[in-house]
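Step one of this worksheet: look at the structure below.
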Amino acid sequence: GDDTSLSYRINEADEYGVAQIAGSSGIKGQAPNSETATAVVWEVGPGADGTLELLSGPVGVGTPAGAYSTGFAINNLGDVCGESDTWPFVALSGGTAEPLAGLGNADTGSASDLNDVGQIVGDLHVWKKPLPGFRAILWDNGQPIELGKKVSLTRWDRLESAQEIYNAGLIAGVGTFLDFISEGGAFVLIPK
């Protein structure tokens, strides 16, 4: 009965050629520009004739913060992260979505990627003087860490969003330079 779906990320295929895709599926609402969608996982793999086919899904992981959720990434264990009503969540493989911890002054956010070690990256919007705005976040053991406070920001005003994390801990994202002329720039953080 769903009439809208989006897919965002596919994980590595296993030894049988089976992979999982994270995204969302739902029904468009009655009001303009509204929908009720939930983060889902599809499973794809080789069919009897060798072509790629849908094996199962969509299987919903839930909407912990309200009306909608979207799965933005899936790791090789089948864990999913994303956003539910503008708040970040994680759903461990086969489980339901749970909201991620926030900072005391955060009102919105999103989880963009997760690695096989269980680390999650994304952003939180914080009301912090002198400039409120988005901050790049790493959730490690479920605890949010503001990445801009963990590195020397010689050219940067702030790190705004962490977009990808690899199993080795490398993090890629975007931020704003001190000169404010540049709207933003890419960064890579390499763990020591």
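With a 1.4 Å probe and every protein chain kept in, tell me what percent of the accessible surface of the chain is carbon plus sulfur.
Its accessible area is 54 percent carbon and sulfur atoms.
Given Cα pairs under 8 Å that are at least 6 residues apart, what percent is the relative contact order of the chain?
Reported relative contact order: 11 percent.
Taking 0.36 nm per intervening residue step and subtracting the Cα-Cα distance, what contour gain separates S5 from L52 on full extension?
15.0 nm
What translational diffusion coefficient, in µm²/s and rounded to a whole number, does the Stokes-Einstein relation yield for the stretch 42-135 at 10 °C and a viscosity of 1.306 mPa s, taking the hydrodynamic radius as the Kirkwood radius over Cα pairs?
110 µm²/s
Select from D157, D14, D140 the residue whose mean-square fluctuation is largest in a Gaussian network model of the chain (Cα-Cα springs shorter than 10 Å).
D14
Starting from the residue with the highest accessible area, list I190, I165 in decreasing order, probe 1.4 Å.
I190, I165
Once both labels are modelled 7 Å past Cα along the beta-carbon direction, what's the Y166-V18 spacing in nm?
Computed distance between label sites Y166 and V18 equals 2.9 nm.
Assign unit charges at the C-beta atoms only (+1 for Lys and Arg, -1 for Asp and Glu), then state the dipole size of the chain relative to its Cα centre in Debye, rounded to the nearest 20.
So the magnitude is around 920 debye.
Work out, step by step, the length gained on full extension between D107 and N141: first 0.36 nm times the residue separation, then minus their alpha carbon distance; give nm to one decimal.
10.1 nm
Fully extended, how many nm does the chain gain between A67 and S152 (0.36 nm per residue separation, minus their Cα-Cα distance)?
Full-extension gain reported as 26.7 nm.
Over all alpha-carbon pairs in the chain, figure out the percentage whose distance exceeds 31 Å.
23 percent
Sort 73-85, 107-119, 40-52 by the packing proxy (mean of other Cβ within 10 Å over each peptide's residues), most packed first.
In decreasing order of mean packing, 73-85, 107-119, 40-52 become 73-85, 107-119, 40-52.
The values are calculated or read from the model by the stated rules, or taken from the named source; none is laboratory data. Given the structure is predicted, the values throughout are model-derived calculations rather than measurements. Glycine also receives a Cβ, built like all others from the backbone with ideal geometry; neighbour counts cover every protein chain displayed. We work out accessible area using only protein heavy atoms, side chains counted, and drop any ligands, DNA or RNA first. Shrake-Rupley method; radii C 1.70, N 1.55, O 1.52, S 1.80 Å.
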